[in-house]
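Participant: Once you've had a glance at the structure underneath, I'll fire off some questions.
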Amino acid sequence: KIQLGDYERFTLDNGLQVFLVENHKNPRVSWQLYVNRDQVIEGEHAGMQSMMGRLLMTGTSSKSKAEIDEATDFIGGSISTSAYGAFASSLTKHKETMLALMSDVILHPSFPQEELAKLQKQTVSGLMANASDPAAISSNVSSVLTYGSTHPYGEVETPESVETITTEMCTDFYNTYFKPNVSYLIIVGDITKEEAQPLVEKYYGTWAKGDVPTHTYEVPKAPKSTQVAFVDKPGAVQSTISIVYPVDLKPGSNDV
């Protein structure tokens with residue numbers, strides 16, 4: 001049975017929901033921001049959302065990637081970003097410095113072109129390596145067969161799709177979906193609500209709320225009969241076998 005710890009919560013005027021779990025065993029505080037948005041069909045630009053998430057860490061309107069990295073290292077903290085938000089952690093005594101840096105990354109990204117070019121080159125290199133990796137091939141085929149190519153989970157990132165991504169696409173996606181009224185901030189560690197609430201209001205209170213598009217997709221249906229998809233890999237010394245089946249498992253189901 002999952003045992004959730006005691007928590008406190010509050011909501012900012014802009015709709016950002018904040019959850020706090022106190023843990024004073026270690027002098028550390030972590031901040032996790034999650035943007036609760038729907039998946040989006042990317043089409044010929046598959047990989048754009050992931051690229052946008054990685055670009056958040058590469059510069060803000062006031063800091064370069066090097067300056068962000070230096071500021072983080074100086075206090076012995078850590079910060080990472082994704083297409084759904086960010087995670088940051090530091091010693092308690094540096095909690096405000098860490099939160100300020102994290103909010104700057106989330107609220108003022110610059111999406112520099114030179115950093116996009118670097119990430120595209122790295123990503124394409126990795127995809128080309130995966131092109132001969134049996135596990136990666138199996139994963140791609142399984143995703144397409146399970147969800148279909150018109151479902152977000154069935155899209156496959158390719159070198160060609162990655163190379164079409166632009167900073168304008170990333171900026172537009174960020175401006176459309178990163179809003180406080182669909183986001184959660186989870187705080188865990190050596191901090192009280194009395195300490196946390198003023199800090200959150202200071203660094204996230206000016207984040208402007210807005211309408212966020214929602215999307216629905218057809219639930220994948222099970223095949224009428226057993227199907228076998230075979231990918232011939234000459235020279236392979238072993239086989240990779242995946243068995244996949246779509247299951248419509250809803251929250252609260254007795255089968256969980």
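Participant: Inspect the range 39-57 for any residue being in contact (Cβ under 8 Å) with a residue 24 or more places away in the chain, in contact with a strand residue (DSSP E or B) (Cβ under 8 Å, 6 or more places away or on another chain) and either in a strand (DSSP E or B) or more than 24 Å from THR123 (Cβ to Cβ) (or both) and give the result as yes or no.
Facilitator: no
Participant: Also, quick follow-up: Of the numbered conditions (1) more than 30 Å from LYS25 (Cβ to Cβ); (2) open to solvent by 30 Å² or more (accessible area, probe 1.4 Å); (3) over 21 Å from the mean Cα position of the chain (by Cα); (4) of a type in the set (S, T, N, Q), THR216 satisfies every one except a single condition; which is it?
Facilitator: Answer for THR216: the failing condition is (3).
Participant: Kindly provide the set of residues from the range 128-154 that are surrounded by 15 or more Cβ atoms within 10 Å (Cβ to Cβ) and either touching a Phe, Trp or Tyr at 6+ places or on another chain (Cβ under 8 Å) or modelled with pLDDT of 95 or more (or both), ordered by number.
Facilitator: Within the range 128-154, SER143, THR146, TYR147, HIS151, PRO152, GLY154 qualify.
Participant: Filter the range 219-247 down to the residues that are charged (D, E, K, R) and exposed (fewer than 10 other Cβ atoms within 10 Å of the Cβ) and list them by number.
Facilitator: LYS221, LYS224, ASP232
Participant: To continue, here is another question. I need the full set of residues from the range 212-226 which are at pLDDT below 90 and more than 30 Å from ASN181 (Cα to Cα), in order please.
Facilitator: LYS221, ALA222, PRO223, LYS224
Participant: What are the pairs with Cβ atoms under 7 angstrom where one residue, in the range 71-87, is closer than 16 Å to THR97 by Cβ and the other, located anywhere, is of a type in the set (S, T, N, Q) and not in a strand (DSSP E or B)? Sequence gap at least six, or different chains.
Facilitator: From residues that are closer than 16 Å to THR97 by Cβ, the pairs are ILE75/THR97; SER78/THR72; ILE79/THR72.
Participant: Give the range 172-181 a look and list any residue that's in contact (Cβ under 8 Å) with a residue 40 or more places away in the chain and open to solvent by 50 Å² or more (accessible area, probe 1.4 Å), or say none. Even if it seems obvious, please write down each step before you answer.
Facilitator: Step one: filter the range 172-181 for residues in contact (Cβ under 8 Å) with a residue 40 or more places away in the chain, giving 173-174, 177-181.
ASN181 - this is the single residue of the range 172-181 that is in contact (Cβ under 8 Å) with a residue 40 or more places away in the chain and open to solvent by 50 Å² or more (accessible area, probe 1.4 Å).
Participant: To continue, here is another question. Taking the range 21-37 as the search range and keeping residues that are of a type in the set (D, E, K, R) and closer than 26 Å to GLY205 by Cβ, which one is least open to solvent (accessible area, probe 1.4 Å)?
Facilitator: Result: ARG37.
Participant: Okay, moving on. Mind listing whichever residues of the range 77-99 are more than 20 Å from GLU22 (Cβ to Cβ), open to solvent by 50 Å² or more (accessible area, probe 1.4 Å) and not in a strand (DSSP E or B)?
Facilitator: Scanning the range 77-99 gives TYR84, THR97.
Participant: Assess whether LYS250 counts as being open to solvent by 60 Å² or more (accessible area, probe 1.4 Å) and either in contact with a Lys or Arg (Cβ under 8 Å, 6 or more places away or on another chain) or farther than 22 Å from ALA46 by Cα (or both).
Facilitator: Values: open to solvent by 60 Å² or more (accessible area, probe 1.4 Å): yes; either in contact with a Lys or Arg (Cβ under 8 Å, 6 or more places away or on another chain) or farther than 22 Å from ALA46 by Cα (or both): yes.
Judged against the criteria, LYS250 is a match.
For every residue, the table says whether it meets (1) outside any helix (DSSP H, G or I); (2) under 22 Å from the mean Cα position of the chain (by Cα); (3) among the small types (Gly, Ala, Ser).
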{"site": "VAL156", "(1), (2), (3)": "yes, yes, no"}
{"site": "LEU199", "(1), (2), (3)": "no, no, no"}
{"site": "PHE230", "(1), (2), (3)": "yes, no, no"}
{"site": "ILE243", "(1), (2), (3)": "yes, no, no"}
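The values are calculated or read from the model by the stated rules, or taken from the named source; none is laboratory data. Worth saying up front: this structure is predicted, and the values here are computed from it rather than measured. Neighbour counts are summed over all protein chains in view; Cβ atoms, including those assigned to glycine, are modelled from backbone coordinates with ideal geometry. Note: accessible area is taken over every heavy atom of the protein model, side chains too, but ligands, DNA and RNA are not part of it. Shrake-Rupley method; radii C 1.70, N 1.55, O 1.52, S 1.80 Å.
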